[in-house]
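One structure is given here, and the rest of the page talks about it.
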Amino acid sequence: MSKQIIRPAFAALLGMGAVALVAFTVAPQAANAAEKTMRIAVPFGPKSSVPDPRARQNGWLSNRAGVSETLIGLGYDMTMQPRLAETFENLSPLEWKLTLRKDVKFHDGSAMTAQDVQASFEKIDTEGHPAHNPRLSRLLDIDGITVEGDYGLIFKTKSPNSAFLWSLTEPSAAVLKDGTDELPLIGTGPFVFDMAEPEKTYQTRKFTDYWGGEPKLDRIVMDALSDPSVAALALQAGDVDLVTNYPEPDFAALKEKNEGQLFSRPTTRLFFFQVRTADGPLANATLRSAVSLGLDRETIVAASLNGVGGDVAHGIFPASMASWANTRLTLDYNPEKARALLDEAGIKDTNGDGIRELDGEEISLKIRSYEGRAALRPTLEISQALLRQIGIGSEISMAEYDANNEALKAGEIDMHLQAWGTAPQGDPGYFPSTLVETGVSYNFSGYSNTELDELLKKGREHFDDEVRKSYYDRVQEIINTDLPLIPVFHKTQVSVGNGKVEGYRIHPAETYLVTPDLTLAE
């Protein structure tokens, strides 16, 4: 049985009253005072009690927690790096050869072999298995895997896929063995999965036989605190050691006073509106253009991020992605032009109340976002005020992320403000291929553009990066013109430690966090 450790200070911070307590489930070993445990506040928790890293978006949490690993990794410079595979090469447009490390053990103590890797990847395509991941299956497009001895693998794709190796860096492309009652998730990382409570906590213990060296921490506890202000208060109370997504206003105040253990780094994360284009008011292209022109991105960045958290977006990729960003693009703030476009299209305020009409009805866009990232709510509120200035009314609300997606897909809302890493694999194909290609799983806009589809197909089929860049430059132009996605700003992640955190680095793709070197100073 696990112990329940009651943390009353944290309960008070949550505003639950003098007698309310918050219970954190911790495995028995955690009660040992000699063990070194780090508690980390993260914005999102696990989706189930046994979240297979290969399914849904579970891999992001598992990868960051140091439980699961991929064959290839992304360096802090966003280049491909050996991970579980020590070498990798392209043999032909359809074939890729990987040679595994020979010193890797699974958490059950068994040695990792090519047969294990083959079996793990086959589960991704197996309907009904907990690891089934149609999105990743589509990106990898694997036709077959040939095993060569204990450490060699040849992956064959169904069609040319220049992004294949990059796709292997995605956290969902994790290598696992089938779990047991004792070890429900058996990975290869520096930490062993202990337990998870949906949307609340994810806990691990160190793996002493880790191929990269014994971890310096004994245990990791990730507490899901979707309200960044609550996470900041938890740090102040000593209930957590590190807050990965600190509220920008509080971070700015600490920075100004030169206080606290501060971490900051630009990432590939984009805050953007996904727009329902298939039907509803924003099926009108002029109205979409006016919405974008009406957004004062500089004001949003200044107000939502307090000068510490990001940069205005002029496209889906940040300038830091120098190899792929189309730096010729701009997304201007021009309310005068927005009003003129609407007037020319006959979208006017006919009764003088300040709200324009479309097809005989006053415009009231339904816009949602979700908790978990401090900048989402103020961005939503400021956007509402800015749109009102050009005669576009809106209703804003916060709800659960998946529910928002379903509502957008059903046409029940018109825009969903969200934040995605645009290059978690380091390749430019992932983001547009996941969100705007016709018929893909996250295309809740209902958007379809045959030219864009063909460009994305060519981007996968060609292996010359210079040629590929021309395709993706055009993809970015189409998105900025059609606006199924309306970029707002690129995010800088800000984190704060308790003064004792060592070995922590913010990764630009935000897919890595826990390493063997992460520790707490004495």
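The values are calculated or read from the model by the stated rules, or taken from the named source; none is laboratory data. The structure displayed is predicted, hence computed values, not measured ones. So basically every Cβ, Gly included, is an ideal-geometry build from the backbone, and we count neighbours across all protein chains shown. When the accessible area is computed, the model is the full protein with side chains, heavy atoms only, and any ligands, DNA or RNA have been set aside. Shrake-Rupley method; radii C 1.70, N 1.55, O 1.52, S 1.80 Å.
Just a few scattered comments:
- Residue check, Arg373 of a type outside the set (A, V, I, L, M), within 27 Å of Gln476 (Cβ to Cβ) and outside any helix (DSSP H, G or I): yes
- Checked against the criteria, Phe489 does not count as open to solvent by less than 10 Å² (accessible area, probe 1.4 Å), assigned to a helix (DSSP H, G or I) and in contact (Cβ under 8 Å) with a residue 40 or more places away in the chain.
- Glu182 meets all of the listed conditions (1) touching a residue at least 40 places away in the same chain (Cβ under 8 Å); (2) open to solvent by 20 Å² or more (accessible area, probe 1.4 Å); (3) on the phi < 0 side of the Ramachandran plot; (4) of a type outside the set (Val, Ile, Thr) but one, namely (1).
- Index of the failed condition, Ser289 passing every other in (1) assigned to a helix (DSSP H, G or I); (2) of a type in the set (S, T, N, Q); (3) surrounded by 17 or more Cβ atoms within 10 Å (Cβ to Cβ); (4) within 26 Å of the chain's Cα centre (by Cα): (4)
- Residue match in the stretch 193-207 (condition: within 17 Å of Gln118 (Cβ to Cβ), at pLDDT 95 or above, of a type in the set (A, V, I, L, M) and crowded, with 21+ Cβ neighbours inside 10 Å): no
- Residue check, Ile316 crowded, with 21+ Cβ neighbours inside 10 Å, within 30 Å of Thr79 (Cβ to Cβ) and in contact with a strand residue (DSSP E or B) (Cβ under 6 Å, 6 or more places away or on another chain): yes
- Residues that are within 26 Å of Ala232 (Cβ to Cβ) and open to solvent by 60 Å² or more (accessible area, probe 1.4 Å) were ranked within the stretch 36-75; the one that is farthest from the chain's Cα centre (by Cα) is Lys47.
One line per residue, one yes/no per condition, for (1) buried (at least 20 other Cβ atoms within 10 Å of the Cβ); (2) touching a helix residue (DSSP H, G or I) at 6+ places or on another chain (Cβ under 6 Å); (3) modelled with pLDDT of 95 or more:
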residue	(1), (2), (3)
Leu91	no, no, yes
Asp103	no, no, yes
Ser110	no, no, yes
Ala114	yes, no, yes
Thr126	no, no, no
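- Enumerated strands (runs of 3 or more DSSP E) restricted to the stretch 27-99, each holding at least 2 residues that are out of contact with any Cys (no Cβ under 7 Å at 6 or more places or on another chain) and more than 28 Å from Ala322 (Cα to Cα): 37-42
- Odd one out for Leu139, checked against (1) open to solvent by less than 30 Å² (accessible area, probe 1.4 Å); (2) over 23 Å from Asp464 (Cα atoms); (3) of a type in the set (A, V, I, L, M); (4) assigned to a helix (DSSP H, G or I): (2)
- Hits in the stretch 461-486 - residues which are open to solvent by less than 60 Å² (accessible area, probe 1.4 Å) and either of a type in the set (Lys, Arg) or not in a helix (DSSP H, G or I) (or both): Arg468, Lys469, Leu483, Pro484, Leu485, Ile486
- Qualifying residues in the stretch 362-380 (those that are among the hydroxyl-bearing types (Ser, Thr, Tyr) and either crowded, with 23+ Cβ neighbours inside 10 Å or within 18 Å of Ala224 (Cβ to Cβ) (or both)) - the one farthest from the chain's Cα centre (by Cα): Thr379
- Residue that is farthest from Gly294 (Cα to Cα), among those in the stretch 344-361 that are acidic (Asp, Glu), in a loop (DSSP other than H, G, I, E, B) and open to solvent by 60 Å² or more (accessible area, probe 1.4 Å): Asp359
- Among (1) of a type in the set (D, E, K, R); (2) part of a loop (DSSP other than H, G, I, E, B); (3) open to solvent by 40 Å² or more (accessible area, probe 1.4 Å); (4) in contact with a strand residue (DSSP E or B) (Cβ under 8 Å, 6 or more places away or on another chain) - the single one Glu259 does not satisfy: (4)
- Checking each residue in the stretch 401-418 for being open to solvent by 10 Å² or more (accessible area, probe 1.4 Å) and under 12 Å from Arg373 (Cβ atoms) picks out only Tyr401.
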